[in-house]
Amino acid sequence: MKKLVALLAVVVLSMQSLYASDFLFMKNIKYYGEGQIIGYSVQNGYDLNIANLVKEGKVNSNYSGVVSFLTAGITFDFVENVSADLSLAYSNNWAEGGNKFWSLANDPNGSPIKGNSIQSYLDNIRVQTANITIKKLFDVDGLSVKVGRQYYGDEDSSVMYFGIRRYQPLFGVNLPLLGFDSITSVNAVTLYYDKENVKANLIYANLGKLLGLPLGLDGMLTRILPGGGEAVDEFVDLNKDTTVIGADVKFLKIADMFNLQVYGYDIKTPFLVDHYSIAGIKPGVEVGGFKASAEFAMNFAGNNPFDTKYILEEDKVGINSGANLIKVDASYDIEKKAKIRASFVMQGGTEGLKEAFDGERPNALVIKPFLNFGNYAPGLVFGQQEITRLISMIDFQAINVGVDYTVNKFLFSLDGYNFAARDNGLNYGNEIDFKVKYQYNKALDFYLGIGCLMLSDDINSKIEEMSEGDVKDFLSDMTSSFQLGIGYKF
């Protein structure tokens, strides 16, 4: 009902602003929006299909689907230096079979034969942004405050981003948020400073219950954990919200060529520990067509902000804080026709894996995941599958070399990846991606993506060894993904 009221409010305000000449409190009205539709097909994918998992004892399957989103909104000024932004969003996932483990494809209000009810569509329409911005706060040039539901962060951020996630139809796991939608936003108060070569912000955001999960995970935990509801209380306080407070500062064009970004965030959560924290620094350089940056970030967890302790202690497996992210990127533009790119990433880590595998110290294994809200998803296959995406949060290293080439309205991209474990010596495999984007006009583009991940034998052999031969070929030797899409803006 709240979504319907919000939708009607947008319609009423829009109509009044268009047709009522005396409706003067809305000035400089601008309409905006964008959408995307991507069909995908995966061969031998890791979709955590429960039926296959039970029936076959492994997670190999072929599946396909169509994902789409649409967002539309208006911005307008109330008075001088006070503006508002209001937008709605709709997203859908037509997954084959409708039973992907973390998918929201099952819709009790819909039927593939009879169609969906009006209520099912209304249930998928969300107020995506609804905020007021006050500029020149305290008469300070460049200082503003934004209050309400809003987007936050840079789309290429590895640490903190709430916004539109483009061309990621199979985005599966991004801890501590599971089942991310294509569009995310947060209820927040954000203080911005943007003047000359300094961009800074301070944010306080509320992510709601249980780390913002869109799933009814409280009910699922009650069903699957030993002890039912009593076991849930040991892991999470369902009565508390998750909040984020942090700051991000960028110093641009220092000596005309250097950039520096420094950030820190504390996430107060009811899940396992009281606080997750992230602190990082990212220097960069730009000279002509050459760009390079090096990012280092640390993960913390404990009873206090930027504390360190075990997240979970068990007899055989421990989960600890203290993981870090190291990310180096470089690119070179050649006369705006071609771009050569390279990157190196390490995050997460494990300790004692070899000793645990060999049976020397069964309780030696300590996992250190790099928990974040970032938007780093490497590869059309590895970065967009649940299992491999989860691996990248735990113990991960990637090398990427790519090239972009522009011909008229076409952009061709070719990427090669090597994925491996950072600490335990396992080689995950190699991936080759080919993408084509055709910019029909400023408002419409077409997209084609083909990816192939060739998994090494390291993972399967270790799983077979640990299971004493009971589980063979746990993951497919080769997984491919074909994606075809269209994007539009207005």
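A few points about this structure:
- Extension gain for the segment residue 32 to residue 477, taken as residue separation times 0.36 nm less the Cα-Cα distance, is 155.8 nm to one decimal.
- When the charge dipole of segment 377-490 is built from unit charges on Cβ atoms (+1 for Lys and Arg, -1 for Asp and Glu) and taken about the Cα centre, the candidate among 392, 446, 377 whose Cα reaches farthest toward its positive end is 446.
- Counting all C-alpha pairs of segment 251-313, share separated by more than 15 Å (%): 58 percent
- Which of 126, 422 has the fewest Cβ neighbours within 10 Å, and the rest in rising order: 126, 422
- Taking 298, 160 and counting other C-beta atoms within 10 Å, the order from fewest to most: 298, 160
Values in this text are rule-based calculations from the coordinates and carry no lab data. In this text the structure is predicted, and so the values were computed from the model without any measurement. Cβ: placed from backbone, ideal geometry, glycine included. Neighbour counts: every protein chain shown.
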